[in-house]
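Below: one structure, written as structure tokens.
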Amino acid sequence: MEAKKEIEVATERDAEVVLQVAGEGGNGGKEEERTAMAAGSRSRRVAALDVFRGLTIVMMILVDDAGGAYEQIDHSPWNGCTLADFVMPFFLFIVGVAIALALKRITQVSAAVKKIVIRTLKLLFWGLVLQGGYSHAPDDLSYGVDMKKIRWCGILQRIALVYLLVALVEVFTTKIHPNTIGSGPFAVFNAYRWQWIFGCVAFVVYMATTFALYVPDWSFVFHGEGDVNDGKRFVVKCGVRGDLDPACNAVGYVDRAVWGINHLYAQPVWIRSRDCSQRSPDTGPLKEDAASWCLGPFEPEGLLSSISAILSGTVGVHYGHVLIHLKGHSERLKHWLVMGFGLLICGIILHFTNAIPLNKQLYSFSYVCFTAGSAGIVLSAFYAMIDVWGIRTPFLWLEWIGKNAMLVFVMAAQGIFPAFVNGWYYETPDNSLVHWIQRHVFVEVWHSERLGMLLYVLFAEIVFWAVVAGILHKLGLYWKL
């Protein structure tokens with residue numbers, strides 16, 4: 001009974017904090033500490049969840065702001081997986097864990113559905129503001145978007161969709177949620193089979209559409225002020241099914257048909273591929289014989305790929321169910337690690353046999369397996385080090401960021417804070433405090449644009465926001481959506 005009570009108290013408090021990325025702010029402060037003390041030392045929060053989310057935010061800041069200088073950590077131009085390609089699935093994984101914990105007990109289905117829908121709408125709103133084209137932060141101080149060119153998809157929009165669907169499945173199956181489960185390696189799977197059935201439906205829809213949908217020829221007009229190709233129309237020849245290359249895949253076709261070609265991401269990473277860039281995998285001049293699709297738009301967070309992304313959330317929900325029902329540390333870690341390595345190996349086999357390549361842009365099944373397995377292994381490692389062995393101090397900075405994830409995401413990863421600072425400039429917009437620090441404190445000191453930018457991101461962004469998050473944590477202040 002004592003072990004069961006420990007799980008219930010800890011996981012319910014975890015859910016309040018983990019759901020920050022999914023639109024629910026964390027409490028995480030003095031009130032929780034008093035609750036933990038009252039429940040006993042064994043009922044403390046599972047800190048690995050906060051640390052995992054903090055790591056994901058830090059990875060996003062690093063690859064977004066230093067990826068231009070070190071393109072080895074930027075998104076893979078097409079097939080493959082780099083550091084940047086772990087960010088989105090890690091977000092969806094930890095949101096899935098949070099859903100399992102937050103919806104463990106539901107007293108009123110209608111009230112739970114209402115909260116889920118409201119959080120989803122908030123995420124969609126912030127997604128459109130930050131990534132739809134309205135905000136041009138941090139360097140462009142103007143605001144506003146042409147509705148003919150607004151980008152409907154983005155990071156928060158994908159999180160919103162996955163959160164909405166996976167959470168609704170969890171709510172509507174609440175009456176068959178078990179209080180206890182039987183023994184055996186598949187007991188948790190069987191107890192929550194409806195979640196896996198829904199995940200399988202998403203998988204079938206994605207795979208059937210990807211390999212069966214006919215992709216016709218398409219064309220686009222390139223818009224690039226000052227570019228020699230500005231205003232030029234390009235025609236891309238397709239007429240195929242089941243193609244996984246950049247030009248003629250079903251993922252891109254679905255987005256062009258649903259959203260319209262003017263509402264897609266205009267700077268896809270494939271511009272750095274061998275078919276396009278003279279300095280691939282780095283950004284460089286366009287090759288003279290570049291493919292016709294090189295300057296075309298592509299939506300990396302599109303509709304069909306977001307259906308596949310549901311699987312990342314489903315795996316996360318399963319890890320949350322394991323945390324709820326398996327009482328011992330060794331039981332949890334064994335289940336998590338076996339599943340994590342199983343998924344990882346599955347993804348590697350599919351990629352290196354050329355059956356289904358790892359591809360973040362398509363959110364391929366091998367990519368789902370590889371990144372979900374990696375997320376499970378990383379969470380297991382954090383759980384073992386922090387919550388089992390008690391090695392917490394080295395990870396406190398990640399924990400602080402994880403507890404205020406939405407704040408750091410908006411202010412740092414989306415450039416809102418540096419845009420605010422850039423708004424106070426002297427004579428010209430490129431003569432602000434941010435630019436001065438970049439140039440005089442980092443670039444000129446180290447005599448290297450690349451190294452200087454990397455150090456700026458590490459210290460002036462990541463360390464700075466870790467300190468800010470730590471201060472806010474001590475004050476018990478958290479941004480809630």
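The values are calculated or read from the model by the stated rules, or taken from the named source; none is laboratory data. Everything quoted here is computed from the prediction, not taken from an experiment. Cβ sites come from the backbone with ideal geometry, for glycine too, and all protein chains shown count toward neighbours. Note: accessible area is taken over every heavy atom of the protein model, side chains too, but ligands, DNA and RNA are not part of it. Shrake-Rupley method; radii C 1.70, N 1.55, O 1.52, S 1.80 Å.
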Test F86 against the stated conditions and say whether it is modelled with pLDDT of 90 or more and open to solvent by 30 Å² or more (accessible area, probe 1.4 Å). yes
Look through G328, G390, G342 and report the one residue that is at positive phi and open to solvent by 10 Å² or more (accessible area, probe 1.4 Å). G390
Selection from segment 45-88 of residues among the small types (G, A, S) and closer than 22 Å to A405 by Cβ yields A47, A48, G54, A66, G67, A84
Quickly run through segment 357-366 and pick out the residues that are within 18 Å of A247 (Cβ to Cβ) and surrounded by fewer than 23 Cβ atoms within 10 Å (Cβ to Cβ). P357
Mind counting the residues in segment 47-67 that are open to solvent by 10 Å² or more (accessible area, probe 1.4 Å) and either free of Cβ contacts under 8 Å to residues at least 12 places away in the same chain or in contact with an Asp or Glu (Cβ under 7 Å, 6 or more places away or on another chain) (or both)? 1
List the number of the failed condition for Y253; all other conditions in (1) part of a loop (DSSP other than H, G, I, E, B); (2) modelled with pLDDT of 95 or more hold. (1)
Residue selected from segment 273-306 under the condition open to solvent by less than 20 Å² (accessible area, probe 1.4 Å) and of a type in the set (S, T, Y), by the criterion nearest to G80 (Cα to Cα): S273
If only one of D289, D217 is modelled with pLDDT of 95 or more and more than 29 Å from L161 (Cβ to Cβ), which one is it? D217
Does W218 qualify as being open to solvent by 80 Å² or more (accessible area, probe 1.4 Å) and touching a helix residue (DSSP H, G or I) at 6+ places or on another chain (Cβ under 8 Å)? no
Restricting the search to segment 120-140, which residues are within 30 Å of I377 (Cβ to Cβ) and either free of Cβ contacts under 8 Å to residues at least 40 places away in the same chain or open to solvent by less than 30 Å² (accessible area, probe 1.4 Å) (or both)? T120, L123, G127
Could we say that G284 is more than 23 Å from the chain's Cα centre (by Cα) and closer than 24 Å to D64 by Cβ here? yes
Considering only segment 441-454, how many residues are in a helix (DSSP H, G or I) and open to solvent by 30 Å² or more (accessible area, probe 1.4 Å)? 9
So which residues in segment 260-312 are touching a Cys at 6+ places or on another chain (Cβ under 7 Å) and either more than 26 Å from L92 (Cα to Cα) or assigned to a loop (DSSP other than H, G, I, E, B) (or both), if there are any at all? I271, D275, C276, L286, K287, A290, A291, C294, E299, E301, G302
Criterion violated by A191 - all others in (1) surrounded by 21 or more Cβ atoms within 10 Å (Cβ to Cβ); (2) at pLDDT below 90; (3) hydrophobic (A, V, I, L, M, F, W, C) satisfied: (1)
